[in-house]
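The values are calculated or read from the model by the stated rules, or taken from the named source; none is laboratory data. Keep in mind it's a predicted model, so treat the numbers as computed, not measured. Every residue, glycine as well, gets a Cβ built from its backbone with ideal geometry; the counts of neighbours run over all protein chains shown.
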Amino acid sequence: MVYYPFIIRMRSHRPLEWVDYNKADVKKLLMQELGWCDYGNKHYESAFTKFLRAYYLPEKFGYDKRLAHLSSLVVSGQMTKAEVQAELQLLIYDLQELKEDRIYWIKKMGLTQ
């Protein structure tokens, strides 16, 4: 963070910062053009990552990864704070799905109840 830009005077270019990105528009385009289906939240495409992000991290460490993702949507003007607060009030996991994914995760990790 300091060495390359200030000592070496290396400049970095981030072209993705110049692209106007709207999450809702991108989802709509992907659904229409490619037949993509939304799987809920970020990285919920796999039962393993869903369990890790939606149950294990919040339960074990009190860390809800939704906060970072939702705050970036607030900063970019795609959501309001009220919408984010309403989103955070929703259950992260359906209880039946949590039970099934917990059993799957325990089995994959080679653990017991």
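Which members of segment 55-74 meet the condition of being without any contact (Cβ under 8 Å) to a residue 12 or more places away in the chain, closer than 30 Å to TRP18 by Cα and of a type in the set (Asp, Glu)? Matches in segment 55-74: none. Could you run through segment 33-49 and say how many residues are surrounded by 11 or more Cβ atoms within 10 Å (Cβ to Cβ) and at pLDDT 90 or above? Adding up the residues that qualify gives 1.
Would you please name the residue that is nearest to TYR44 (Cα to Cα), looking only at residues in segment 60-74 that are part of a helix (DSSP H, G or I) and of a type in the set (Lys, Arg)?
Step by step, filter segment 60-74, then rank; the result is ARG66.
What pairs can you find where one residue is in segment 1-30 and more than 30 Å from MET79 (Cα to Cα), the other is surrounded by 10 or more Cβ atoms within 10 Å (Cβ to Cβ) and of a type in the set (A, V, I, L, M), and their Cβ atoms are less than 7 Å apart, with a gap of 6+ or different chains? Going by the 7 Å Cβ cut-off, there are no qualifying pairs. Close Cβ contacts (under 9 Å, 6 or more residues apart or on different chains) running from residues in segment 75-96 that are closer than 15 Å to LYS42 by Cβ and at pLDDT below 90 to residues that are of a type in the set (D, E, K, R) and assigned to a helix (DSSP H, G or I) comprise ILE92/ARG53; ILE92/ARG66; TYR93/LYS50; TYR93/ASP101.
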